[in-house]
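Report on the following structure.
The values are calculated or read from the model by the stated rules, or taken from the named source; none is laboratory data. As the structure is a prediction and not an experimental result, all values here were calculated from the model. Positions of Cβ are backbone-derived with ideal geometry, glycine not excepted, and every protein chain shown enters the neighbour counts. Only protein heavy atoms, including side chains, enter the accessible area calculation; ligands, DNA and RNA are left aside. Shrake-Rupley method; radii C 1.70, N 1.55, O 1.52, S 1.80 Å.
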Amino acid sequence: FRKLDFALGAVMALRRQPLANIGGFRALVNCLADDYQLGHRLARQGQRIELCPVVVECWSAPMSWRAVWQHQLRWARTIRVCQPVPYFFSLLNNVTFWSLLWLVTSLAATSFAEYSFAVGEIIVSVEIFWGLPCAALCLLVRMLAALDLQSRLTGARAHWKYWWLVPVKDLLQVALWAGAFLGNRVEWRGERYRLRRDGTLNR
């Protein structure tokens, strides 16, 4: 919906002179999201950013749950610093969270209505009828979309048996989203840093 003004990923290609115009790699030495900053600073110089049609695969060694959490939290806080407003509203994309919140709110309101208003029993029953199937439908569409996307990207369907990880991942993402706003400390390769508002690191 808007012009691409940043770069991302493990592989980027650019011309030498535009890099020199932004201060070279030395200007990015203290940046946590150096890929983002590289593209963002080039875009501010009037350069055009384009996504490569070739997919570059990156494989990481297996990590412990703590390492994965620290890694994801670092990413979350990095994105929050780089794109604060879009990141704040990114929670709106979490279908699992809103579906479950809708269901819980519906059931809670239904219980209250049943307790307080005996006459409204028929209306309450309608709320119960629609709350559960609508939430279930949203969750089903979310899981199918995620599995289909991964199949198209990887060319395989072996991961479909892990369909239950989709809502689990979404709920963990809610915790990471909240954690991104609860501090500025990040861990990078065993070292702890403080993330400044401009995206640079300080011990």
Within segment 50-83, track down each residue that is touching a helix residue (DSSP H, G or I) at 6+ places or on another chain (Cβ under 8 Å), among the polar types (S, T, N, Q) and farther than 17 Å from His40 by Cα. Gln72
Looking at Leu201, is it modelled with pLDDT under 90, open to solvent by less than 50 Å² (accessible area, probe 1.4 Å) and part of a strand (DSSP E or B)? yes
Pairs please, first residue from segment 13-39 and closer than 21 Å to Arg197 by Cα and in a strand (DSSP E or B), second anywhere and modelled with pLDDT under 90 and open to solvent by less than 40 Å² (accessible area, probe 1.4 Å), Cβ atoms under 9 Å, 6+ apart in sequence or on different chains. Cys31/Gly199; Cys31/Thr200; Cys31/Leu201
Residue, surrounded by the most Cβ atoms within 10 Å (Cβ to Cβ), within segment 76-93, restricted to residues that are over 9 Å from the mean Cα position of the chain (by Cα) and within 13 Å of Leu176 (Cα to Cα): Arg77
Can you work out which of the residues in segment 146-171 that are touching a residue at least 60 places away in the same chain (Cβ under 8 Å) and in contact with a helix residue (DSSP H, G or I) (Cβ under 8 Å, 6 or more places away or on another chain) is most open to solvent (accessible area, probe 1.4 Å)? Leu171
Scan segment 52-59 and tell me whether some residue there is farther than 30 Å from Cys138 by Cα, at pLDDT below 90 and either part of a helix (DSSP H, G or I) or of a type in the set (Gly, Ala, Ser) (or both). no
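Look through Leu149, Leu165, Leu132 and report the one residue that is farther than 17 Å from Asn93 by Cβ and either at pLDDT 90 or above or among the β-branched types (Val, Ile, Thr) (or both).
Leu165
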How many residues of segment 182-197 are touching a helix residue (DSSP H, G or I) at 6+ places or on another chain (Cβ under 7 Å) and open to solvent by 80 Å² or more (accessible area, probe 1.4 Å)? The answer is 2
